[in-house]
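The values are calculated or read from the model by the stated rules, or taken from the named source; none is laboratory data. Everything numeric here is computed off the predicted structure, so don't read it as measured data. Please note: Cβ atoms are built from the backbone with ideal geometry, for glycine as well, and neighbour counts cover all protein chains shown. Just so you know, the surface numbers come from the protein's heavy atoms only, side chains and all, with ligands and any DNA or RNA stripped out. Shrake-Rupley method; radii C 1.70, N 1.55, O 1.52, S 1.80 Å.
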There are 4 protein chains.
Amino acid sequence: MAELGYVGLGVMGGGVVRRLLDAGHTVTVWNRTREKADALLEAGARWAETPREVAERSEITFTMVTNTAAVKAVTSGPDGILAGLGPGKVYVDMSTASPANTRELAERVAAVGADMLDAPVSGSVITLEQGKLSIMVGGDRAVFERVKPVLEAIGPRVFHVGPNGAAVTMKIAINLSLAVQMLAFSEGVLLAEKSGIEREKAVEVMLASVIASPMVVYRGPFVLEQPEEAWFDCRMMQKDMNLALELGRELEVPLPTTAVTNELLTAANGLGVGDKDFAVLFDVLAAMSGLKTEVLA
Amino acid sequence: MAELGYVGLGVMGGGVVRRLLDAGHTVTVWNRTREKADALLEAGARWAETPREVAERSEITFTMVTNTAAVKAVTSGPDGILAGLGPGKVYVDMSTASPANTRELAERVAAVGADMLDAPVSGSVITLEQGKLSIMVGGDRAVFERVKPVLEAIGPRVFHVGPNGAAVTMKIAINLSLAVQMLAFSEGVLLAEKSGIEREKAVEVMLASVIASPMVVYRGPFVLEQPEEAWFDCRMMQKDMNLALELGRELEVPLPTTAVTNELLTAANGLGVGDKDFAVLFDVLAAMSGLKTEVLA
Amino acid sequence: MAELGYVGLGVMGGGVVRRLLDAGHTVTVWNRTREKADALLEAGARWAETPREVAERSEITFTMVTNTAAVKAVTSGPDGILAGLGPGKVYVDMSTASPANTRELAERVAAVGADMLDAPVSGSVITLEQGKLSIMVGGDRAVFERVKPVLEAIGPRVFHVGPNGAAVTMKIAINLSLAVQMLAFSEGVLLAEKSGIEREKAVEVMLASVIASPMVVYRGPFVLEQPEEAWFDCRMMQKDMNLALELGRELEVPLPTTAVTNELLTAANGLGVGDKDFAVLFDVLAAMSGLKTEVLA
Amino acid sequence: MAELGYVGLGVMGGGVVRRLLDAGHTVTVWNRTREKADALLEAGARWAETPREVAERSEITFTMVTNTAAVKAVTSGPDGILAGLGPGKVYVDMSTASPANTRELAERVAAVGADMLDAPVSGSVITLEQGKLSIMVGGDRAVFERVKPVLEAIGPRVFHVGPNGAAVTMKIAINLSLAVQMLAFSEGVLLAEKSGIEREKAVEVMLASVIASPMVVYRGPFVLEQPEEAWFDCRMMQKDMNLALELGRELEVPLPTTAVTNELLTAANGLGVGDKDFAVLFDVLAAMSGLKTEVLA
């Protein structure tokens, strides 16, 4: 069992730490707001006063934070992870951040003698709890092999996809489909509903069809009722879409469905529902078709 | 076991007849080109000289043909199915045709004392062979209950979704997602590939992710190699998209991802690959990004 | 001066007849609702009881009606224009109808020994009154030369663009830009307004810029206040967009901006403002951005 | 006559300086590559060794450079314009840069006791030469009034649109229509051409129609033949589209036509014609429709 460190205890990060503890690992944690660590500390995790201290105490330090800026915040400066890394240590970023930043960070990690991997996940809290999460990993293969057993405690499907930055690129490439699939699904549900089929029935039939990706299966029912708390809200989804669109311009790949869907996420923000799960794309489209929903009454 | 009739023996129709024969039913068939019936006749099906004769000999007559025009062709006129129907008989159209035409046809069927159902399927030949097809049914519930046991021999998931026309509407509402999901998937694969990840690896990882609908799982690998014969070519896909767009205008539902994706199907036609499986959307997008593929070299 | 006939006395058709009368021509008219002819009859036009009678009395018979169906209605049947045509006569359709229908109609006109031209106009009532309308003409060049002097009384810019159907095609090819330019203009005005620039100022500056087409100059101010009566409402605009999109699919030309803009016209219909001038696209987009306007309060 | 300074002597900047000289002003100039100044120096302009020196010698210092980064480069550091400004001086940025950067820069200019205006132009070199350029100005009204007479020597239409940043916002809001109008125009030309109308004829008729903005009039003929040198290439156009899209997300304004058109500019880059005038959107769309042009043979 390994000495692990974990920075970033949001819903997803917290769930990952719990699985690592369950697997018998020692986990030292840090989070910007300490309360989020309480339940984990009771479950056996140890608290560190700074990200730097996490890295000092751990063989492998993980981060899972909101965006590129947050990655910079917890890695840089006198209290940052970089200051606590050294030869033989590994830093694994599970955040979805800019691939360019990931590559730059990997160089700074190498400069202090440590190794870095980017290891974003595909899936939600539910997927994680069901033990079905898949993890994509970018970085040196030997380092990957070393960290792999730990990652397998998080999710069973662990893929080495390429050098540093490749895994976040892959994550971005996948995530654009989340929003696009959701919007296309909503187009279909609304066609059915306005033609006289009950929304519940339409969702049921679509969830039994060939378009029912795990994402559609989890999120489709949200068009019947939004969850109490957003799993992944429009602003976070748009952050990922923007990363995709930037990458598309840089790599010269046109992204027609991504671009169009992103404008509907902007509409969600404009309509004041940007903090809802991005399944609210359904309600935005419904509003455009003259149909009021509970969310946009 | 019932006396059944089947008109339209394409890849899908032929497969359905085979399952009906396997289930012990008697099946009388007709097809515009007779050769397509040969194997089925060897397997026990009986030939009729006209669609009318099929209907005359059967309790339940099914059709599965290409489009609205083809439905009209096999149902109308002195040799058409309508001329062979009568009280107590049921006509089941499994084609994807215009909902308005379906409703009109249902009235004409009722006028001769018979009943009609629309019963399009969601899935491909593979889904059919795996016994996992789902069938949506529109029409009177009592008639649905009567035909249901026969439909369950085709696929296990049979849904009554509403009155006549509701099932083809549902089918169209689902099918728009096929093309949109394929294009979004292609956007992701190309981002990955142009960033340096191998196409095979990108596909493998995406097929293990939350966006992997059955459609993506079946068709995703086609971006590595197009199938010998198209499962569902661009022109057929565009036919369904057009039905969706017409319905959207009629019901006043904006369909942004459908509209954009449909223009890329037009590009596929313009580039001369309209007869390829619509997974060729990947190659069209690759061409736009300056990347030549085997298909569009 | 020629013996002319005119069928279809809407705002535009009526204005054209007035110019023909002003130029000294004799004009026999017919309209589905007779009241619309009253002012013209006072100004010297003559009434006929049927479209057929118009054609019988005239050397050149014009039509300007709403759509393909209306063209069929006034040309076919025992009271239709075709029944009144004969050798030496010319039939000129100024409607925006399907090019395929135009070509078919031209053949039927030829079959009775007469000639047909399609001659749609580019411009609005204002352009007409200012004597700045342009007219595109499709059909035989000799017939065009014969009718040209009469057309020049309507608008000074008369173009022969090709064989039958070419002019309506050209009209459709132009009209798609109307809606797209309007939506792009609206995107710009909203960006300016939400950044703190007054809407009036934004419109003023944009109307002095290189994007100020005559259409933008006429219609741009409608984002400040919709006209009492629509010049060209969303449903008529969408009819032309649909003709463009059908043509695009037939000719295999992708129409990305047309397709996207058309979905916003659908949203206008869905939001209940389909009978407003299509400048209401501004209000639809404003609504999507969370900004209420007078029209969509 | 005033002591003026000008930094940035591209095609447009050089043309502006020439008009200022013609109007009798003294103009001190600087450019990253000195050769571009040669003709202007012969015409009476004076050379300075650094942007700072330009600002030191001038009452009003203008810049017109490529993008936000270039504005930062010529204004910051020991040799930058800021270092040469002081009380009573005015700095006028005619570049199209990020509004946020403009506002920030205005504060830094105020901190040294000088005033700043943003004053981008709408129009091309041709518009400038014809003396028909319009100039939008953001910043304090009193400062605007002071600089106005000088600006009127450049173009006759000078608008005060709001506080600092308002003019570049306005410019971005206008420029998105350039690309969208060009793409919509191209859709129309291709429809006409593939239906059998000659491209030259289609362009001629469209240039006489209500969609013929000055931009369409100048650039429309480029679909017949690209200019030797791009007036405004795809990469520069995409830079402005990106500014618009960023602003749209920030201000929560959906930009559907901008988003879609921007992806076609990406395709232009991917196809290797990103350095052509953005009228090459026509050729990109033609390629997607299976039509080869001289540019994309």
How many residues does region D:208-226 contain that are touching a residue at least 12 places away in the same chain (Cβ under 8 Å), of a type outside the set (Val, Ile, Thr) and under 19 Å from C:Ser122 (Cα atoms)? 4
Search result, residues across region B:256-272 that are of a type in the set (Gly, Ala, Ser) and outside any loop (DSSP other than H, G, I, E, B): B:Ala259, B:Ala267, B:Ala268, B:Gly270
Evaluate the following for A:Val150: is it part of a helix (DSSP H, G or I), touching a helix residue (DSSP H, G or I) at 6+ places or on another chain (Cβ under 9 Å), more than 10 Å from chain B (Cβ to nearest Cβ) and under 23 Å from A:Ala110 (Cβ atoms)? yes
Among the helices (runs of 4 or more DSSP H) contained in region C:153-252, which hold 2 or more residues that are in contact with a Ser or Thr (Cβ under 9 Å, 6 or more places away or on another chain) and more than 7 Å from chain D (Cβ to nearest Cβ)? C:166-194, C:214-219, C:234-251
Which listed residue, of A:Gly248, A:Gly220, A:Gly196, is of a type outside the set (Lys, Arg) and at positive phi: A:Gly196
Among residues of region D:1-17, those that are under 21 Å from D:Thr66 (Cβ atoms), open to solvent by 10 Å² or more (accessible area, probe 1.4 Å) and either out of contact with any helix residue (DSSP H, G or I) (no Cβ under 7 Å at 6 or more places or on another chain) or not in a helix (DSSP H, G or I) (or both), counted: 1
Residues that are open to solvent by 10 Å² or more (accessible area, probe 1.4 Å) and within 14 Å of chain D (Cβ to nearest Cβ): which helices (runs of 4 or more DSSP H) entirely in region C:55-134 hold 2 or more of them? C:99-111, C:125-129
Within region C:21-54, tally of residues that are part of a helix (DSSP H, G or I) and surrounded by 21 or more Cβ atoms within 10 Å (Cβ to Cβ): 4
Answer yes or no as to whether A:Glu294 is open to solvent by 10 Å² or more (accessible area, probe 1.4 Å), over 25 Å from A:Ser195 (Cβ atoms) and more than 23 Å from the chain's Cα centre (by Cα). no
Taking region A:253-272 and keeping residues within 18 Å of D:Pro256 (Cα to Cα) and within 8 Å of chain D (Cβ to nearest Cβ) leaves A:Pro254, A:Leu255, A:Pro256, A:Ala259, A:Val260, A:Asn262, A:Glu263, A:Leu264, A:Thr266, A:Ala267, A:Asn269, A:Gly270
Boolean, C:Val203 is closer than 29 Å to C:Met94 by Cβ and free of Cβ contacts under 8 Å to residues at least 60 places away in the same chain: no
Can you say whether C:Ala167 is buried (at least 24 other Cβ atoms within 10 Å of the Cβ), without any contact (Cβ under 8 Å) to a residue 24 or more places away in the chain and among the aliphatic types (A, V, I, L, M), as far as the supplied structure shows? no
Enumeration of residues in region A:272-285 that are surrounded by fewer than 23 Cβ atoms within 10 Å (Cβ to Cβ) and over 22 Å from the mean Cα position of the chain (by Cα): A:Gly272
Out of region C:204-224, which residues are of a type in the set (Val, Ile, Thr) and open to solvent by 10 Å² or more (accessible area, probe 1.4 Å)? C:Val210, C:Val217
Which one of the conditions (1) in contact with a Phe, Trp or Tyr (Cβ under 9 Å, 6 or more places away or on another chain); (2) crowded, with 24+ Cβ neighbours inside 10 Å does B:His160 fail to meet, given that it meets all the rest? (2)
Checked region B:273-297 for anything assigned to a loop (DSSP other than H, G, I, E, B) and either more than 9 Å from chain C (Cβ to nearest Cβ) or among the basic types (Lys, Arg) (or both); matches are B:Val273, B:Asp275, B:Lys276, B:Ser289, B:Gly290, B:Leu291, B:Lys292, B:Thr293, B:Glu294, B:Val295, B:Leu296, B:Ala297
Can B:Lys201 be described as touching an Asp or Glu at 6+ places or on another chain (Cβ under 8 Å), open to solvent by 20 Å² or more (accessible area, probe 1.4 Å) and charged (D, E, K, R)? no
Is one or more of the residues making up region D:225-233 open to solvent by less than 10 Å² (accessible area, probe 1.4 Å) and at pLDDT 95 or above? no
